[in-house]
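Below is one structure, written out as structure tokens, with a few remarks after it.
The values are calculated or read from the model by the stated rules, or taken from the named source; none is laboratory data. All of these numbers come straight from a predicted model, not from anything done at the bench. Here the Cβ positions follow ideal geometry from the backbone for every residue, glycine too, while neighbour counts run over all protein chains shown. Just the protein is used for accessible areas: all its heavy atoms, side chains included, with ligands, DNA and RNA removed. Shrake-Rupley method; radii C 1.70, N 1.55, O 1.52, S 1.80 Å.
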Amino acid sequence: MPSEAESRPEDTLAIAERAGIHRLPLPTPFLVGRVNCYLIEDEPLTLIDTGPNSGKALDELELGLATRGHRIEDLGLIVITHQHMDHIGLLEILVRRSRAEVAALDLLVPYLASFSESMEGDDRFAEKLMRSNGVPGDVVVALRAISSAFRAWGCSAQVTKPLHDGDALVLRDRTLRVLHRPGHSPSDTVFFDERRAILLAGDHLIAHISSNPFVSRPLGADPDVERPQALISYLESMRATRELPSELTLPGHGDPILDHRALIDQRFAMHARRARKILKLIRDRPLSAYELAQAMWGNAAVSQAYLTLSEVLGHIDILLRDGLAREHSSDGVIRFEATSETP
């Protein structure tokens, strides 16, 4: 384990650098801020995630590579952790310039091959979900337009090396175990270097913010598919990750994580508190997920309607699973109420 003296971000990054892994934080247009890509100096020269499709991100990526004596054309392998635009956006450009292989979860292959069509399916799924959970029509229309505009930050690309849960991704000097960890997105994949006890976690674990379990259309599913239970999937994924003997976790945003088990325990406690808070709100009267989001986050329930809706539905799923809440629909809107079993 790193010592207490090595607990500062710059010191923990030095641990990664000694293992040949270099963080390249690239700018994004999103509220989350910079995205961490990671350069692995091995054979082949490997990049974990790409940043968004923007000239500024590309310029900073080229500068980060040059600082370490490399060019985009030197890349031999690009590994994708999940489907979100800030992690895949430069993929097409980088592959065209480097001819690198592209490795990603097998379930993600058709999604990336037709990114715009995949996003359209996601948007249709999200629109139906928002309307059925009480989000006003004008907010739905506005968010649909914003999502369409954001597609330019992503890209389509061909995956040449499909990965499966449990696979070994073998480089010359290391082997990364491929672990599917759905929750934040359906395609979240982490990569564990068992010999060095280093976990490349993407957005599965982030220290300074909770990785939001977005209610997303399952990969390859029709937009009319039944809503998946994203938070419950995420909690299961975190339980599996908690068992890994990782000594250093490198996230997709923010600083490295030394004690992933402590962070995961904090997340478990936070989600339990939030579920209890929602339970209190539905004791008095039935409420839609949108009404619950407004009660909890005020104006953020409008400006970030899908994010807050996903948060509420995730915790409602916990209450439904535990028999503490039930749902009913009237006038096309689903509402939730506490059951008689509520303590």
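Please enumerate the residues belonging to region 275-285 that are surrounded by 18 or more Cβ atoms within 10 Å (Cβ to Cβ) and either in contact with a Gly (Cβ under 7 Å, 6 or more places away or on another chain) or under 29 Å from R144 (Cβ atoms) (or both).
I278, I282
Filter region 150-199 for residues that are among the β-branched types (V, I, T) and closer than 22 Å to L219 by Cβ; which is nearest to the chain's Cα centre (by Cα)?
So the residue we want is T189.
Looking at (1) open to solvent by 10 Å² or more (accessible area, probe 1.4 Å); (2) more than 29 Å from L31 (Cβ to Cβ); (3) not basic (K, R), can you tell me which one L176 breaks?
Status for L176: all satisfied but (1).
Can you tell me how many residues within region 193-221 are farther than 24 Å from I316 by Cβ and either buried (at least 21 other Cβ atoms within 10 Å of the Cβ) or acidic (D, E) (or both)?
Of the residues in that region, 7 qualify.
Quick one: which helices (runs of 4 or more DSSP H) sit completely within region 224-343 and have at least 2 residues that are farther than 30 Å from A142 by Cβ and among the hydrophobic types (A, V, I, L, M, F, W, C)?
In region 224-343, 230-242, 260-284 are the helices (runs of 4 or more DSSP H) which contain 2 or more residues that are farther than 30 Å from A142 by Cβ and among the hydrophobic types (A, V, I, L, M, F, W, C).
Could you please tell me which pairs satisfy a Cβ distance under 6 Å, a separation of 6+ or placement on different chains, a first residue in region 239-256 that is more than 24 Å from E10 (Cβ to Cβ), and a second residue that is open to solvent by 10 Å² or more (accessible area, probe 1.4 Å) and part of a helix (DSSP H, G or I)?
Pairs that qualify, where the first residue is more than 24 Å from E10 (Cβ to Cβ) and the partner is open to solvent by 10 Å² or more (accessible area, probe 1.4 Å) and part of a helix (DSSP H, G or I), are R242/R261.
Which members of region 24-55 meet the condition of being open to solvent by 50 Å² or more (accessible area, probe 1.4 Å) and of a type in the set (D, E, K, R)?
Across region 24-55, the qualifying residues are R34, E41, E43.
Pick out the one residue from H82, H87 that is within 22 Å of L307 (Cβ to Cβ), in contact (Cβ under 8 Å) with a residue 24 or more places away in the chain, assigned to a loop (DSSP other than H, G, I, E, B) and in contact with a strand residue (DSSP E or B) (Cβ under 7 Å, 6 or more places away or on another chain).
Details: H87 fails: assigned to a loop (DSSP other than H, G, I, E, B).
None of the other options fit; the residue is H82.
Those residues that are modelled with pLDDT of 85 or more and of a type in the set (K, R), I need them from region 1-32; list them, please.
Our first condition is that a residue be modelled with pLDDT of 85 or more; within region 1-32, this holds for 11-32.
Result: R18, R23.
Which one is most open to solvent (accessible area, probe 1.4 Å), of the residues in region 286-338 that are within 17 Å of A126 (Cβ to Cβ) and hydroxyl-bearing (S, T, Y)?
It comes out as S303.
Cβ-Cβ under 9 Å, sequence separation 6+ or interchain: first residue in region 164-179 and free of Cβ contacts under 8 Å to residues at least 12 places away in the same chain and over 21 Å from E236 (Cα atoms), partner open to solvent by 60 Å² or more (accessible area, probe 1.4 Å) and assigned to a strand (DSSP E or B). Which pairs?
Matching pairs, first to second residue: A168/T175; A168/R177.
Can you pull out every residue in region 107-162 that is touching a residue at least 24 places away in the same chain (Cβ under 8 Å), open to solvent by less than 60 Å² (accessible area, probe 1.4 Å) and of a type in the set (D, E, K, R)?
D122, D123, R151 - these are the residues of region 107-162 that are touching a residue at least 24 places away in the same chain (Cβ under 8 Å), open to solvent by less than 60 Å² (accessible area, probe 1.4 Å) and of a type in the set (D, E, K, R).
Quick one: in region 197-210, of everything that is part of a loop (DSSP other than H, G, I, E, B) and in contact with a Ser or Thr (Cβ under 9 Å, 6 or more places away or on another chain), which residue is farthest from S114 (Cα to Cα)?
That would be A197.
Of the numbered conditions (1) under 30 Å from D193 (Cα atoms); (2) out of contact with any Ser or Thr (no Cβ under 8 Å at 6 or more places or on another chain); (3) open to solvent by 60 Å² or more (accessible area, probe 1.4 Å), P251 satisfies every one except a single condition; which is it?
Result: P251 passes all but (3).
I'd like to verify a number: residues in region 90-100 that are in a loop (DSSP other than H, G, I, E, B), free of Cβ contacts under 8 Å to residues at least 60 places away in the same chain and open to solvent by less than 10 Å² (accessible area, probe 1.4 Å), how many?
Total meeting the criteria: 1.
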